[in-house]
Amino acid sequence: GLERRLYDAAMRHSERTPSERIAVIAIDDRSIANIGRWPWPREVHAELIDTPKAARAKTVAHTALFFEPQTARGLDSLRALREQLEGGTLADLGPQARETLVRSIDQAEQRLDSDGRLVQSMAAAGNVIVPSVFELGVSVGRPDQPLPAFAQKNAPTDDSGFGEPAQRSLQPIAPIGEAAAAVAHLNQLQDSDGAVRQEALLVNFDGHAVPSMALAIAAHSLNLAPSDLRLAPGVGVEL
């Protein structure tokens, strides 16, 4: 307890000027008052990615959670209608009417496919890091679901058990995870007094060392690949 109080006092009396190269886009009360109640539509998140892309940002860390799809009602019906048109089921339509109807369906799909709009923005940016969350704890046996391939691409193998062990994971939906430049963990380690003073640089899940958002951001901004990260037990992570 004494060590924690001394640590907090030292942090309060230390001054560090943030780098001008870092910009924070906050989701705060003012944002919600202007845009609307949370959760926001995926189109809004897409705009939050398009804006730093236009400003030529090197790395974008988006900390919203995308664990479930967000598609508008009626999208499945539109796609079913498209299949009927393409399969020739609606034979009574002439070529011109069919073409007009298909064009209208295309436009309606683009408006209703919120996930598709976000995926498109993320893929175009090519520099977006999105979060995953883990249930920490020593796992008995293998996990029910392995780490998805899109999360493995920036998670080096961890045979030594260096990272914080985890039992289960919550990952972004596959289209978003595949469009992201990296998927990192957003777990924080809470002290007994409820404060958060540290985080695990790596979470060990399914034999992989999943980096924290902070580590993934640093690696991406320095043009480092997973192969450039070296686990040094007793020391930390070397870049």
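How much of the accessible area of region 109-239, in percent, comes from carbon and sulfur atoms when a 1.4 Å probe is used?
After summing per-atom areas, the C and S share lands at 51 percent.
Could you tell me which of rounded, prolate or oblate describes region 1-59, using a ≥ b ≥ c as the square roots of the eigenvalues of the alpha-carbon gyration tensor, with rounded for a/c under 1.5 and, failing that, prolate when a/b is larger than b/c and oblate otherwise?
oblate
Given the peptides 43-53, 177-187, arrange them by the average over their residues of other C-beta atoms within 10 Å, most packed first.
Highest-to-lowest ranking by the protection proxy: 177-187, 43-53.
Answer rounded, prolate or oblate for region 121-211, using the Cα gyration tensor with square roots of eigenvalues a ≥ b ≥ c: rounded when a/c is under 1.5, else prolate when a/b is larger than b/c, else oblate.
oblate
Of the beta bridges DSSP finds with both residues in region 121-234, what % are antiparallel, to the nearest 5?
Just about 60 percent of them are antiparallel.
The values are calculated or read from the model by the stated rules, or taken from the named source; none is laboratory data. Note that the coordinates shown come from a computational prediction; the quantities given were computed from them, not determined experimentally. Every residue, glycine among them, receives a Cβ derived from its backbone with ideal geometry; neighbour counts consider all protein chains shown. Accessible surface is based on the protein model in full, side chains and every heavy atom, while ligands, DNA and RNA are left aside. Shrake-Rupley method; radii C 1.70, N 1.55, O 1.52, S 1.80 Å.
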